[in-house]
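What follows is a single structure, written as C-alpha cells, with notes after it.
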C-alpha cells in the first residue's frame with residue numbers, strides 16, 4: 001500500500017501542476033496592460049464609462065480598443081491623403 005502511495009502522490013502533484021500551468025497561461029493571455037487601463041481611465045467616452053459600470057472592465061476595454069484601432073486607421077488614412 002505504501003509503495004502505491006509513494007508512486008501515486010507524485011503523479012497527482014505533477015498532474016495538478018500541469019493543470020495549473022494551463023490555467024495560468026490562459027489568465028496571462030486575458031490580463032490587461034497597465035498602460036491601456038490608464039489611458040482608458042484618463043480619457044473615457046460616455047459609452048465606455050457606461051460599459052465599465054454595467055458590464056465590467058473587459059467590455060469597456062473592448063470599446064476602448066475599437067476606438068483606438070479606429071483612430072489609428074483614420075490617422076493612417078489622413079497621412080496617405082496628405083502625402084503625395
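The values are calculated or read from the model by the stated rules, or taken from the named source; none is laboratory data. Just so you know, these numbers come straight off a predicted model, no measurement behind them. Counting neighbours? That spans all protein chains shown, and the Cβs are built from the backbone with ideal geometry, glycine included.
Per-structure values
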read-out: Residue match in region 72-81 (condition: surrounded by 10 or more Cβ atoms within 10 Å (Cβ to Cβ), touching a helix residue (DSSP H, G or I) at 6+ places or on another chain (Cβ under 6 Å) and either modelled with pLDDT under 80 or in a helix (DSSP H, G or I) (or both)); value: no
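So that you can scan it fast, the table gives a plain yes or no per residue for (1) modelled with pLDDT under 90; (2) part of a helix (DSSP H, G or I); (3) over 23 Å from residue 60 (Cα atoms); (4) over 17 Å from the mean Cα position of the chain (by Cα):
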{"position": "6", "(1), (2), (3), (4)": "yes, yes, yes, yes"}
{"position": "10", "(1), (2), (3), (4)": "no, yes, yes, yes"}
{"position": "15", "(1), (2), (3), (4)": "no, yes, yes, yes"}
{"position": "19", "(1), (2), (3), (4)": "no, yes, yes, yes"}
{"position": "23", "(1), (2), (3), (4)": "yes, yes, yes, no"}
{"position": "29", "(1), (2), (3), (4)": "yes, yes, no, no"}
{"position": "35", "(1), (2), (3), (4)": "yes, yes, no, no"}
{"position": "38", "(1), (2), (3), (4)": "yes, yes, no, no"}
{"position": "44", "(1), (2), (3), (4)": "yes, no, no, yes"}
